[in-house]
Amino acid sequence: MTPVSETSRNVISSERVEGTTVYAANGDKLGTIDDLMIDKVSGQVCYAVLEFGGFLGIGTDRYPVPWSMLDYDTTREGYVVPLDKPTLDGAPRYAKDEVRDYDPDYRNNINSYYGVGPL
């Protein structure tokens, strides 16, 4: 078996990222990553789509958060964002069953809300 190099440990399958818990800086669980939005041209992840609320997937909202805001915490085995629940509650979101177009206006709305530059 070939040993895993240190650099390859920084690369992960999107399948393993989806379902990972996202925490606020104070340790509160905010939700889980349901999806990743990837720029078709650059190949870079732009947004982690967080999911929380609802029951058995009914009434669940999806919250796109700029990927640059997430930091992986090896102790928690999850991502940490500099947000709290009230901030996330006011963020751009859409229903789980809605197909959302990430057009430039929508992306600008997300980025503006979180105070990040264009991705």
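At-a-glance table
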read-out	value
Residue tally, condition over 14 Å from the mean Cα position of the chain (by Cα), in a helix (DSSP H, G or I) and small (G, A, S), over region 64-119	1
Members of region 64-96 found to be more than 18 Å from L36 (Cβ to Cβ) and either loosely packed, with under 10 Cβ neighbours inside 10 Å or polar (S, T, N, Q) (or both), listed by number	T74, T75, P86, T87, G90
Residue check, D105 surrounded by fewer than 16 Cβ atoms within 10 Å (Cβ to Cβ) and either at pLDDT 95 or above or of a type in the set (D, E, K, R) (or both)	yes
Any hit, region 26-41, residues being over 29 Å from N10 (Cα atoms), assigned to a loop (DSSP other than H, G, I, E, B), free of Cβ contacts under 8 Å to residues at least 40 places away in the same chain and of a type outside the set (A, V, I, L, M)	no
Among (1) within 18 Å of E18 (Cβ to Cβ); (2) surrounded by fewer than 17 Cβ atoms within 10 Å (Cβ to Cβ); (3) at pLDDT 90 or above - the single one V99 does not satisfy	(3)
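The values are calculated or read from the model by the stated rules, or taken from the named source; none is laboratory data. Since the model is a prediction, treat every value here as computed from it, not as a measurement. We place every Cβ from the backbone using ideal geometry, glycine too, and count neighbours over all the protein chains shown.
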